[in-house]
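The values are calculated or read from the model by the stated rules, or taken from the named source; none is laboratory data. This structure is a prediction, so every number in the text was calculated from the model and none was measured. Here Cβ is always computed from backbone atoms with ideal geometry, including for glycine, and neighbour counts include all displayed protein chains. SASA here: full protein model, heavy atoms, side chains in, ligands and nucleic acids out. Shrake-Rupley method; radii C 1.70, N 1.55, O 1.52, S 1.80 Å.
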Amino acid sequence: MSARSRLGLVIAAGTVTLATLVAPSASARTESMDAPPATRALSARAESMDAPAGSGRAAPGLPRTVVLDGARLRRTRARLDHGDRRLALALRRLTARADNWLDQGPWTVVDKPRPAPGGDVHDYLSQAPYWWPSRPATADNPWGCPYVQRDGQRNPEVDTGTDRQDVEKVFDSTYDLALAWYYTGEKRYAVKASQVLRTWFLDPATRMNPNLDHGQFIPCKYDGRAIGVIDFSQSYTSVLDAIALLDTGAPGWSRRDRAAMLAWNTGYRDWLTDSAFGKEEGAARNNHGTFYDMQLAALAYATGDKDLARRTVLAARSLRIDPQIAADGSQPQELARTRSWHYSTFDLVAYTRLAAIGRHVGVDLWSYRGPDGQSLFRAVDYLLPAATGAEPWSHPELEFHRFAASDVVRAAADAGDRAARAAVPGLEAPPGGDLWELRPAAEQLDSIAG
């Protein structure tokens with residue numbers, strides 16, 4: 001995910017009405033939480049705490065979010081409706097981001113200069129970011145092949161001629177817009193988010209095929225690689241949460257849209273579990289494997305396969321935490337990178353979001369301790385001296401950003417880590433300000449492209 005700017009202020013109020021739906025009984029509401037979003041009944045009647053007298057709008061129902069805590073979001077919205085000034089400042093930052101998306105896009109995989117190597121314009125295409133041409137381009141060798149790897153150094157040509165930048169805009173915009181709609185009720189945010197999702201995923205003329213067969217290709221070498229799965233692993237869980245928010249009754253997002261999006265997500269989930277690239281990425285032992293688990297568990301939960309989601313989170317204890325995190329909390333494989341701070345925080349974004357998914361399926365990943373005492377708490381605590389500025393980061397890092405750790409520290413603090421909680425006042429806010437209270441789930445706050 002790219003680091004995103006936060007701009008100005010728009011706080012609006014709108015009215016969201018679902019007059020044709022009847023609020024379910026308490027037992028029916030409980031049962032609905034176990035159903036996939038596309039088949040869940042929507043409640044048109046807000047609970048009293050959600051819509052104070054004179055608020056002028058009906059509150060949407062409880063979102064069945066995947067990483068985010070839907071009940072917490074609803075409480076936050078109630079606090080905003082009751083005039084919480086501190087949250088209002090964060091909302092101004094969020095709506096400024098959402099406003100910035102209103103006149104952009106929608107984006108589609110079919111408008112790149114040339115299709116993916118397979119020839120289907122609907123296939124997603126991205127280029128390996130750390131691979132560079134070793135020779136000058138000529139008529140006989142237009143790519144400058146062979147390509148050679150320069151770890152941590154991003155080749156600028158990967159941002160032209162592929163879908164990578166556009167898909168990041170799809171991920172970021174739908175998340176910002178759906179959150180802005182949920183907190184303000186402003187119709188235009190929901191309508192824009194719906195347009196972006198339909199164009200990229202659903203409309204027959206512009207939709208993306210639910211596979212990553214051509215992710216992170218290397219010119220003259222590979223038409224696609226398993227490692228390309230991380231293009232979606234980094235941020236697609238935010239899209240799943242955006243869909244869950246829209247599913248609570250957003251204007252412009254229909255039952256047909258919900259059903260079609262469920263079908264797309266089911267197809268993509270099956271590609272992850274059954275394809276050769278998906279299986280290879282799942283076998284990775286570094287951050288790629290962690291992000292794969294996070295993405296698979298999220299998709300499983302969002303598509304109604306709670307058993308797969310639970311198995312995936314449970315398996316991460318011995319499959320990921322034990323070999324990846326050392327007894328002192330360091331992550332040796334990430335420390336070996338040229339951008340060790342970036343990748344140490346990056347891997348913990350996946351872990352903390354996976355732990356949030358675990359909460360929905362009855363697995364407390366935060367409380368797990370490995371045979372040598374490994375844990376997510378220790379991994380976060382290892383970053384605290386550098387995250388607060390108390391000590392310099394002593395490992396290789398091409399571009400150190402202290403704020404990169406802020407979200408994972410907040411996640412640990414929320415999960416009960418006393419050291420992390422004490423460190424929160426010393427954290428550096430990300431560019432544009434802190435949005436944790438509005439979207440309490442870790443994001444990758446620094447850009448590898450920076």
Taking all protein chains as present, what is the carbon and sulfur share of the accessible area of the stretch 312-450, in % to the nearest whole number, probe 1.4 Å?
52
Note on the stretch 327-379: the mean projected area of its alpha-carbon convex hull, in nm², is 3.6
Convex hull over the alpha-carbon atoms of the stretch 81-185: what's its volume per residue in Å³?
139
Quick one: net charge of R320's neighbours, Cβ under 10 Å, K/R +1, D/E -1?
-1
Could you tell me which helices of the chain pass both thresholds, a Cα extent of 24 Å or more along their own axis and a mean Kyte-Doolittle hydropathy of at least -1.0, with helices taken as whole DSSP H runs?
85-101, 164-184, 340-360
Taking the chain as a Gaussian network, Cα atoms linked when under 10 Å apart, which of D274, D99, D213 shows the biggest mean-square fluctuation?
D274
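Counting only other residues whose beta carbon sits under 10 Å from that of S238, what net charge do I get with K and R as +1, D and E as -1?
Working: positive: R353, R439; negative: D172, D176, D241, E443.
Net of charged neighbours comes to -2.
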Taking the solvent-accessible surface of protein heavy atoms with a 1.4 Å probe, what is the per residue accessible area of the stretch 51-149 in Å²?
45
Report Rg (one decimal) and Dmax (nearest whole number) for the chain, counting Cα atoms only, units Å.
21.5, 72
Starting from 0.36 nm per residue, how many nanometres of slack lie between R86 and D322 once their C-alpha separation is accounted for?
81.0 nm
Using a 1.4 angstrom probe on heavy atoms only, work out the carbon and sulfur share of the accessible area of the stretch 119-270 in %.
51
When a/c is below 1.5 the answer is rounded, else prolate if a/b is larger than b/c, else oblate, so apply that to the stretch 244-340 with a ≥ b ≥ c taken from the square roots of the Cα gyration tensor eigenvalues.
prolate
Within straight cross-link reach of K306, meaning Cα distance under 12 Å, which aspartates and glutamates are found once same-chain residues fewer than 8 apart are removed?
D34
Give the calculated FRET efficiency between S275 and D120 to the nearest 0.05, with a Förster radius of 22 Å applied to their Cβ-Cβ distance.
0.90
Can you grab the distance from the C-alpha centre of the stretch 236-298 to the C-alpha centre of the stretch 159-221, Å, no decimals?
13
Please give the peptides 80-91, 132-143 ranked by average Cβ packing (other Cβ atoms within 10 Å per residue), highest first, as a rough proxy for protection.
80-91, 132-143
Give K112/K221; K192/K221; K192/K279; K112/K192 a once-over and call out the pairs whose C-alpha atoms are over 28 Å from each other.
K192/K221; K192/K279
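What is the sum of charges, Lys and Arg at +1 and Asp and Glu at -1, for the other residues whose Cβ falls under 9 Å from the Cβ of T206? Numbers along the way, then the final one.
Numbers: positive: R198, R207; negative: D111, D203.
Value of the local net charge: 0.
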Which residue fluctuates most in the GNM of the chain (Cα springs below 10 Å): T174, T345, T388?
T388
Return one whole number: the accessible area per residue of the stretch 293-438 in Å², for a 1.4 Å probe.
36
